[in-house]
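The values are calculated or read from the model by the stated rules, or taken from the named source; none is laboratory data. What you see is a predicted model; the values in this text were computed from it and never measured. Positions of Cβ are generated from backbone atoms using ideal geometry, with glycine treated the same way; all protein chains shown enter the neighbour counts. In case anyone asks, the SASA skips ligands and DNA or RNA and just uses the protein heavy atoms, side chains included. Shrake-Rupley method; radii C 1.70, N 1.55, O 1.52, S 1.80 Å.
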Amino acid sequence: MYLSIFGLRGQKHENECEIGLRCAYEIVKTFKTWSQIKSVSVGVTSGNVYCGIVGHTLRREYSVISVTVNKAARLMVAYTNMVSCDEDTLIQSKMSFSHFQKLPYKKLKGLKEEVRA
């Protein structure tokens, strides 16, 4: 599992959601050509996150944590072998809706309301 973050402090772009979705598509397209990989799932969300050093002084690590990160991971599990994103990300990307398919609402672990990708 990999985590990619776009729009870190000082590195903001106007079209971060579009960049994230296009990157996700390229990742899936690339990995599907590898015969050893059976399934590739990518979840794309957008929102505020905490990014920095966390943990005890003896075991610190750089991490990104938030409900937004959790939602992306849950989308990957719920909608397998595809690129999935939440509605907010799709709207903010300003990409043509004809490229996307609305998927059924699902209850995702750790989130209060159902989410549609």
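Per residue, how much accessible area does the chain show when a 1.4 Å probe rolls over the protein heavy atoms, in square angstrom?
74 Å²
Ranked by accessible surface with a 1.4 Å probe, highest first, in what order do SER63, SER98 come?
So, going from the largest accessible area down, we get SER98, SER63.
Give me, ordered by chain and number, the residues 5 or more places off VAL83 or on other chains with an amide H under 5 Å from its own placed amide H.
Amide H to amide H, under 5 Å and 5 or more residues apart or across chains, VAL83 pairs with VAL42.
Pull out the extension gain between THR33 and LYS94, defined as 0.36 nm times the separation in residues minus the alpha carbon to alpha carbon distance; nm, one decimal.
Stretched fully, the THR33-LYS94 segment lengthens by 19.1 nm.
Rg to Rh for the stretch 1-114: what is it, with Cα atoms only and Rh by Kirkwood?
We get a ratio of 0.98 for the stretch 1-114.
So what's the angle, to the nearest 10 degrees on a 0 to 90 scale, between helix 16-31 and the longest Cα principal axis of the chain?
70 degrees
Enter the accessible area of TYR50 (Å², nearest 10), with the probe set to 1.4 Å and all protein chains included.
110 Å²
Please report the relative contact order for the chain, taking Cα pairs under 8 Å with a sequence separation of at least 6, and give it as a percent rounded to a whole number.
The normalised contact order for the chain reaches 25 percent.
For the chain, what % of the accessible area comes from carbon and sulfur atoms, probe 1.4 Å?
That fraction is 54 percent.
To the nearest 10 degrees, how steep is helix 67-78 against the longest Cα principal axis of the chain, on a 0 to 90 scale?
40 degrees
Just in the stretch 9-46: which GluC sites (Glu not before Pro) are loop by DSSP and have at most 16 other Cβ atoms within 10 Å?
GLU14
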